[in-house]
Structure formats: C-alpha cells, structure tokens
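Everything on this sheet refers to the single structure shown next.
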Amino acid sequence: MTRHSGMLNVECRAPGPPGGEGLSLRAGNSTVPRCSFSTRSGGSLSRGYGPLSRSAFPVPASHLRRGVTLVELLVTMVIIALIAAAIMGTASAAIEHGRRSHTQQLITRIHTLLMERWASYESRRVEIDPRLVQQINVSFPETTPAGRQLRGQAMADLRLLGLRELIRYEMPDRFVDFGSFGSSPSLHTPYVLESPPALAQMYFRRVAQAGANIDNQDAECLYMVVMFATADGEARTLFSSKDIADTDEDGLPEFIDGWGKSIGWVRWAPGFVSDLQPLDPTTGLHSGEADHDPFDVYRRDQQGVINPPATQFPKDVAAHIQSIRQRNNSDLVSAYRLTPLVYSDGPDGESGIYRVPTGNFVEQVPALDPYAIRPQAQYQYGTIAFPELAKDNIHNHLIEY
Ligand SMILES: [Ca+2]
Ligand SMILES: [Ca+2]
Ligand SMILES: [Ca+2]
C-alpha cells in the first residue's frame, strides 16, 4: 500500500496467482483482490474490492465460452429458413383459398341470376315476323290434313328458331349476337323475330358507345346480361366493387375472379360434360332422348325429324333449319338440356375450353343452332380441349346447385 500526502491516491494491486503472497486478501475461503484508498492528507477514505479477475476465479476449461462453428451457423440458418417457408406457405395457401372461395361465391350468384332468366324462356311468347308466317302459309297450304300437319310442324320449327334467336339477342356471349360493329355499327335484323328485343337494343347502344373493344367481349356481355336482364334491374346491389372491374379499360365492365381476371361465359356450351350436362353411360354421348331440350316443347330438334324439308322454308331461315335437320339425321344429335357455362380460368389463367372465338366479329353460321359442330374445329363449344388447363377452373356446372 502506498500513500502520498495531500493527494487522493488509489492503488489497486492485481492479485497474484491463487496461493500467491502479499498481494491478496483472504476472506474466508475466497481469495479477493484488495484495493486501498487514501487522501492527500493521508486519511484513509475507504476500503473495498477492486475488479475481479478470471485468474482469481478459476473456471474449468469446458465451461469457457467458445465461438459458433460454421456447421452450427448453417444448421440455424436452415431451421430459420424452414420456419419462414412454413409460415409463408401457410399464408399463401390461405390467400389462394380466399381467392378460390370468393370466385366460387361470385359464380354462384351469377349462376342463380342467370338461371332465373334462362328458365323464363320455357314460357316466353315468341313474336314471329308476320311476313314469315305468310310465306309459310303459302308454302304449306292447309287444304289437306297432310298440308295442315306440315304447316303446324313448320310453325313449330319457326317457334323454336325464334326462341333461340330471342335467347341469343337477350343473353349474348359475343357482340355479334346482337349487332355488327364494323365501320358503321348496326343492330342485327332478326331472322325469325318480328323485331329485335329491347334488351338487345340497350346492349347495342352501350357497346357502340364504348367503341366495341373485342377483348373480353364474353365477360362484358355476361355483365350486361346480369345487370340488365336479371333481378328486375336490381342486380347491381348484389355485387360489390371488388367483384367488378374493366380489365381492358374500354368502358364496358366485367365480373372478375379472385385472380383479377374476367369471368367468362358460354351461353350454349353443348360440348361441356358435367353433372348438369351428363353423358349417357351406354352411348358416351349427350342424350337428347333422356333429357331433351326443355325449350323444344314440340320435339322438333331430334333424330328422325325430316319434314318439312329445309328447302321449303323461306330463304332467311332455310339454312338454320338445314343445320338442325342434318345434325338430327347425319350426326345423330338430338337437342339436349343446356345450362349456360360461367367459369373462371382459375389460378393458371387459362380455361382450356373450346369456346366462341372472341378475336373477331364474324358471325358463326349457323347462328341459331346451339349444338352445331363448328366447321373450323371438330368440337362443339364448351368442349374441354386442354384438360390440364381446365383442371383448376371454377365453374357453375357443379352438382351442389
Ligand atoms: Ca372489351
Ligand atoms: Ca372491359
Ligand atoms: Ca385453368
């Protein structure tokens, strides 16, 4: 211990090794370092213990802290990555589930509204153009019982065609179903009906005003049909803003699915196989005999019907009758129950469904035959052409309805 007169002097002595001499104070069984404090005047201030030293408290080597090895670090990182992936995976699965169920609910709502409208056509009055009726009267004079029968059959044929034309006008899936949109847009003149229905006139005005951008035209038609032809005009209140968008920004809205893509539809999708449009297990074909088209009340669109021959009909409708006759008797396809197909492409953004080409305004002939096999393809509309793409689709042909 050292003292300097008149100055505060602190002296700490580092203790020596255990058992060393003179430099440490023994307190009981412990060895602690000892410090002394003194003032300039020589008075002792206090006494206490100085900083501890490792050597004063010997620790077994096995308890000493050592660095983290590279392997430990890597293992830790892998575990963190696994936990993060699990959390992310759970979150993205939940988001995907949300998108799917949102889309299902939306399609269910659309389906319910559409089917109400669809069913109403079973009892709709069809106003046939009086000039056509006059020509039928001339072609099939009722002077004999056979003549009367032919005239009755011809009128039933016209009624069926007229009803299909009405459905096509009022529930379009293409702009060309109600109008032409070339350089000078015009509403179609009907083949069979006396005049275009008011709904078609409304669709036409909206599309002509928007400039008829053909992208998404099926989705845009679906939106117009649901909004104007269902729920007595109150359909707008049944959808929220997140159900609706204008993905091609042409002023014509569409319903959108959980992935932000427009919801498509095919009014007549005879090639689609589902619980609502099942195949006959023995023939492997849709059966018009077992479940006939409910709109064809007089069974004019079925196998074996050949009279009156198409050539005896007025020119404007002869091609449509010809298509039906040929299908009934060559392709052996009778009219079966159809349900409009409303679908989302699902997460992959592709439907895989052969459907109405949307890339042009060309009318598909024969326009009034829902079951026709289109000349350019071997398919009927609604056929699943690419099953892999169709797997994740969400559609309204599910048995729950
Ligand atoms: Ca468009
Ligand atoms: Ca649009
Ligand atoms: Ca798909």
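List of remarks:
- Neighbourhood charge, 15 Å Cβ-Cβ cut-off, centred on Gln134 and excluding it, Lys, Arg +1 and Asp, Glu -1: -2
- Across the stretch 257-268, computed HN-Hα scalar couplings (Karplus, 6.51 cos²θ - 1.76 cosθ + 1.60, θ = phi - 60°) run 7, x, 9, x, 9, 5, 8, x, 7, 10, 4, 10 Hz from first to last residue, x flagging Gly and Pro.
- A Förster radius of 45 Å combined with the Cβ-Cβ distance from Ala84 to Glu194 puts the calculated FRET efficiency at roughly 0.10.
- Proximal charge balance of Phe204 [Cβ under 14 Å; K/R count +1, D/E count -1]: +1
FYI, it's all coordinate maths here, none of it is from the lab. Quick caveat, the model's predicted, so the values are computed rather than measured. All Cβ positions, glycine included, derive from the backbone under ideal geometry; neighbour counts span all protein chains shown.
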